[in-house]
Amino acid sequence: MTISEFSCRLVLSKADAPILEPVTKLGGQPVWVDKPQWPLSTELGAPMMFLGQFRLPGEEVRMAYLFMTDGEDYVDGTWESEQGENALIVQPGRVPSFITVTDDAEGSTMSEDLAVELVPTSPAELEEGWDNRLGGSPTWLQDEEYPPGDWSFLFQLEHGGEFYDVNFGDAGVGYGFLSTDGREGRFLWQCS
């Protein structure tokens, strides 16, 4: 099954214990399927904050790990897909050329582990809102804005909710994408 052939709403709940399996989740620590590749902020040189991980469709266990710079000082460009202030690391895959990684397995995270239930939903049902979703197509908060090149939509995240708060600007929405070969990721966010 390819990404465009499914659409699921992401229903979040607090996990009873750390999630140690390669499944879709937010917060906690990454569950690496390959050697750790924790990205560094281009501006600060410090490790980015882990936001979550997304299991990619298919038989093989493949993951996309989302990170974003979150320093005490304001850092410009966290919304841009190739500025080096956010990263969507795909495993197995390749690290984008503008990202530097360390082999740290753990680091800063946005929250405790949040379990994610994938609720199959028709694409038509998702067109109406800016909810958390995996697959289908994006609901743009502003104009359509794919990263430069040829990318497939992977997921959409609201700026925060009952269980977490992440800075996607004023009531923003984040969007994750995969390259056509499925081995590299991009992330960007928009706000109102």
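For the reader, a short list of remarks on this structure follows.
- Cα-Cα P(r), region 81-192, percent of pairs per 5 Å interval: 2, 10, 19, 23, 22, 16, 6, 1, 0
- Distant-in-sequence amide H partners of G93 (H built 1.01 Å from N, under 5 Å): none
- Listed values for region 176-186 are Karplus-derived 3J(HN,Hα) couplings in whole Hz (6.51 cos²θ - 1.76 cosθ + 1.60, θ = phi - 60°), namely x, 9, 10, 5, 4, 8, x, 10, 9, x, 9, and x replaces Gly and Pro.
- Counting 0.36 nm for each residue step from S152 to D16 and taking away their Cα separation leaves a gain of 45.6 nm.
- Coupling constants for region 137-152 follow from the phi torsions by the Karplus curve (6.51 cos²θ - 1.76 cosθ + 1.60, θ = phi - 60°), and in residue order they are 9, x, 9, 6, 6, 10, 6, 4, 8, 7, x, x, x, 10, 10, 9 Hz; glycine and proline get x.
- Taking 0.36 nm per residue of separation and subtracting the current Cα-Cα distance, fully stretching the chain between A171 and E117 would add 17.1 nm.
- (i) 58, 46, 39; (ii) 47, 45, 30; (iii) 42, 35, 35, with the label sought being that of the calculated Cα extents along the principal axes in Å: (iii)
- Loop sites in region 157-192: GluC sites (Glu not before Pro), DSSP, at most 12 other Cβ within 10 Å: E162
- Shown is the FRET efficiency for K35 and S108, computed with R0 = 22 Å from the Cβ-Cβ distance and rounded to the nearest 0.05: 0.70.
- Choice from S179, S41, S122 with maximal GNM fluctuation in the chain (Cα, 10 Å cutoff): S122
- Subtracting the Cα-Cα distance of S192 and W140 from their residue separation scaled by 0.36 nm leaves 17.7 nm.
- Over the chain, DSSP H runs of length four or greater, each weighted -39,500 (n - 2.57), average out per residue to a 222 nm ellipticity of -500 deg cm²/dmol.
- Gaussian network model of the chain, springs between alpha carbon atoms under 10 Å - residue of D165, D103, D70 with greatest fluctuation: D103
- Split the accessible area of the chain by element, probe 1.4 Å, and carbon with sulfur accounts for 47%.
- Within a Gaussian network of the chain (alpha carbon springs, distance under 10 Å), most fluctuating of S111, S97, S152: S97
The values are calculated or read from the model by the stated rules, or taken from the named source; none is laboratory data. All values reported here derive from a predicted model rather than from experimental measurement. Note: ideal-geometry Cβ built from the backbone for every residue, glycine included; neighbour counts use all protein chains shown. We work out accessible area using only protein heavy atoms, side chains counted, and drop any ligands, DNA or RNA first. Shrake-Rupley method; radii C 1.70, N 1.55, O 1.52, S 1.80 Å.
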